[in-house]
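The values are calculated or read from the model by the stated rules, or taken from the named source; none is laboratory data. Quantities reported herein were computed from a predicted structural model and do not represent experimental measurements. Note that each Cβ is placed from the backbone with ideal geometry, even for glycine, and that neighbours are counted across all protein chains shown. Keep in mind that these areas ignore ligands, DNA and RNA; they rest on the heavy atoms of the full protein, side chains included. Shrake-Rupley method; radii C 1.70, N 1.55, O 1.52, S 1.80 Å.
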Amino acid sequence: MRNWRAKTAAIVAVSALALTACGGSDDNGGDKGGDDKGTGGGSSLSGTVTGAGASFPATVFQDWIAAYQGDKSGVTVNYQSVGSGTGVEQFIGQSIDFGSSEEYLSDEALADAEAARGCPAVQFPVVFGSVAIAFNDPALDGLVLSPEVIASIYDREITNFNDPAIADLNPDFDLPDQDILPVHRSDSSGTTFVFSHYLNTEVPAWADTYGEGKEIEWSGDTIGGEGNEGVSQQISQNPGGVGYVNQSYALELGLPTAKVINADGEAIAPTLEATTAASEEAEIPDTFQFTINGVGGEGYPIAGTNFILAYTCGYDDATADIIKDFWSWTLTEDADALALELGYAPLGADLKERVQAQIDLINSQG
């Protein structure tokens, strides 16, 4: 289902502006083919690496891998979209070469990884994205929701689209008398972490009842779907369906989405520009253990980051070279352009330099 790319013309048109905002630079982005990146000398690389984890970045990973492998006939990069929770488990369990998650590894998880491998793990962000609130009904595209209303929908306090709390936010909408069917992730999910972290931060009642995490004990009368793919399918197939998905999935399927009120009281749609604005508000420590909170201005408030997990030892040279070369290539302008086309926000120039330093640590202990 790739004909949806025609719908991204507006995003592509602003990509040059977004690249400037996100900091694409000659330092990390000027290398068009990526052959001079990493340690493997580009076309001299040979072998297969396997990663697994989040479905949040799966669409951009698919395009990145295809583009990267196009110039490297001897290289195969496999990525399995199994959910962040499973990806972290497989990474610590040593069954994959790299992991992927929207929730950074805590100090405890890093200790577990080091104990399992015998050397420290590294983690670094590779892309920013938004979690969109998507609907089944096209007439609801652009419906304004507040964090309190979103929490109440999932808590089943609001069960119909014509509820007064929704009507007050949308005086110009002819709201349907339609029962709401909330859809959530049924697997351990980084997208769930981003969504629940947002509500946990913004809505005290949600924090008291549900909290945040890759898995939530959801209220009754909600349904689950596995992966962003499964949630998107459930939304599309069920009248009254409402769910949270990565913005690229909503774009790919043409799902109508909500505008969400941010910290400055602005109703913001999950666009590329709004994701970029949100990413610029992130305060990123040296540990790369961070979330995106309190987004205001023109930023979309439900935004998250994808982190890659790797080790500082234990790979054979060929595997380490491919891992380092591939993730270095994802910092290039070619990779940025693919991310932008799909609605993801690339890293800024300064952050790319910091990430490259982490990539260089992969297998540095042999």
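Only a single item in (1) out of contact with any helix residue (DSSP H, G or I) (no Cβ under 9 Å at 6 or more places or on another chain); (2) in contact (Cβ under 8 Å) with a residue 40 or more places away in the chain is not met by Asn162, and it is number (2). Residues in segment 294-323 that are open to solvent by 30 Å² or more (accessible area, probe 1.4 Å), in contact (Cβ under 8 Å) with a residue 40 or more places away in the chain and under 22 Å from the mean Cα position of the chain (by Cα): how many? Total satisfying the criteria: 1.
Of note, Tyr198 satisfies the criterion of being open to solvent by 10 Å² or more (accessible area, probe 1.4 Å), of a type in the set (Phe, Trp, Tyr), modelled with pLDDT of 95 or more and closer than 27 Å to Ala339 by Cα. If the condition is being part of a helix (DSSP H, G or I), in contact with a helix residue (DSSP H, G or I) (Cβ under 6 Å, 6 or more places away or on another chain), buried (at least 22 other Cβ atoms within 10 Å of the Cβ) and not hydroxyl-bearing (Ser, Thr, Tyr), then segment 231-260 contributes only Glu252. Examine segment 150-161 for a residue that is within 30 Å of Asp264 (Cα to Cα), at pLDDT 95 or above, in a helix (DSSP H, G or I) and not aliphatic (A, V, I, L, M), and state whether such a residue exists. Yes, segment 150-161 contains a residue that is within 30 Å of Asp264 (Cα to Cα), at pLDDT 95 or above, in a helix (DSSP H, G or I) and not aliphatic (A, V, I, L, M).
Determine if segment 282-295 includes at least one residue that is of a type in the set (S, T, N, Q), within 16 Å of Asp141 (Cβ to Cβ) and touching a Gly at 6+ places or on another chain (Cβ under 8 Å). No, that holds for no residue. Among the residues making up segment 175-185, a single one is within 17 Å of the chain's Cα centre (by Cα) and either of a type outside the set (D, E, K, R) or modelled with pLDDT under 95 (or both): His184.
In the set Ser44, Ser25, Ser95, Ser55, only one residue is at pLDDT below 95, open to solvent by 60 Å² or more (accessible area, probe 1.4 Å) and not hydrophobic (A, V, I, L, M, F, W, C); that residue is Ser44. The numbered conditions (1) out of contact with any strand residue (DSSP E or B) (no Cβ under 8 Å at 6 or more places or on another chain); (2) open to solvent by less than 40 Å² (accessible area, probe 1.4 Å); (3) at pLDDT 95 or above; (4) among the hydrophobic types (A, V, I, L, M, F, W, C) are all true for Ala263 except (2). Only residues that are part of a helix (DSSP H, G or I) and crowded, with 18+ Cβ neighbours inside 10 Å were counted in segment 64-83, giving 4. Can Glu341 be described as open to solvent by 30 Å² or more (accessible area, probe 1.4 Å) and either modelled with pLDDT of 95 or more or over 30 Å from Leu140 (Cβ atoms) (or both)? Criteria not met by Glu341.
When we screen Thr222, Thr271, Thr291, Thr287 for residues that are hydroxyl-bearing (Ser, Thr, Tyr) and surrounded by fewer than 16 Cβ atoms within 10 Å (Cβ to Cβ), the only hit is Thr287.
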